[in-house]
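Down below is the structure, laid out as structure tokens.
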């Protein structure tokens, strides 16, 4: 299970995401939504939302990121948001450590220790639920450690790579 803090329209809520079989459960403010991924490709996702009473609703989702600025499209509606990076991370990931948000398999490692990276650069590709999930650099820096190998199964929250932030030069 992964936990996030979501700030939407000035209100902040805790969101929990867990997986059970083919379904992803998203819990916010005591309500849980059950979602099943029907299709995933480079253009986005099509998910099925199981509603109360057994009704099913299909949602088309896509996300675009530019550094910490993000945009999500859900059935044609645009939702801009910004990624909030916590310094010091959670219990498993420390400052500069990047981890998978869900259990996955490491598909590719795109950088090595000592490499200079830029914010938004793809560092590692993970595979989970027939999707490719990139781990991206949250800031400009230098790779100080790679703690995984291609083909390895990894748990959510376990550090995979560490980056040392480079100070800005005037």
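The values are calculated or read from the model by the stated rules, or taken from the named source; none is laboratory data. Because the structure is predicted, anything quoted here is derived from the model rather than measured. Ideal geometry is used to build each Cβ from the backbone, glycine not excepted, and the neighbour counts take in all protein chains shown.
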(message) For the condition surrounded by 18 or more Cβ atoms within 10 Å (Cβ to Cβ) and over 17 Å from the mean Cα position of the chain (by Cα), what is the one hit in 154, 143?
(response) 143
(request) Test each condition in (1) modelled with pLDDT of 85 or more; (2) part of a strand (DSSP E or B) for residue 114 and report the one that comes out false. (result) (2)
(request) Residue by residue through segment 16-27, note down the ones that are surrounded by 11 or more Cβ atoms within 10 Å (Cβ to Cβ) and assigned to a strand (DSSP E or B). (result) 16, 17, 18, 19, 23, 24, 25, 26, 27
(request) Report, by residue number, each residue of segment 52-107 that is in a loop (DSSP other than H, G, I, E, B), loosely packed, with under 12 Cβ neighbours inside 10 Å and modelled with pLDDT under 80. (result) 83, 84, 85, 86, 87, 88, 91
(request) Working only within segment 119-158, note down all residues that are in a loop (DSSP other than H, G, I, E, B) and modelled with pLDDT of 90 or more. (result) 121, 147, 148, 149, 150, 151, 152
(message) Condition first: at positive phi, at pLDDT below 80 and surrounded by fewer than 11 Cβ atoms within 10 Å (Cβ to Cβ). Can you find one or more residues in segment 28-49 that meet it?
(response) yes
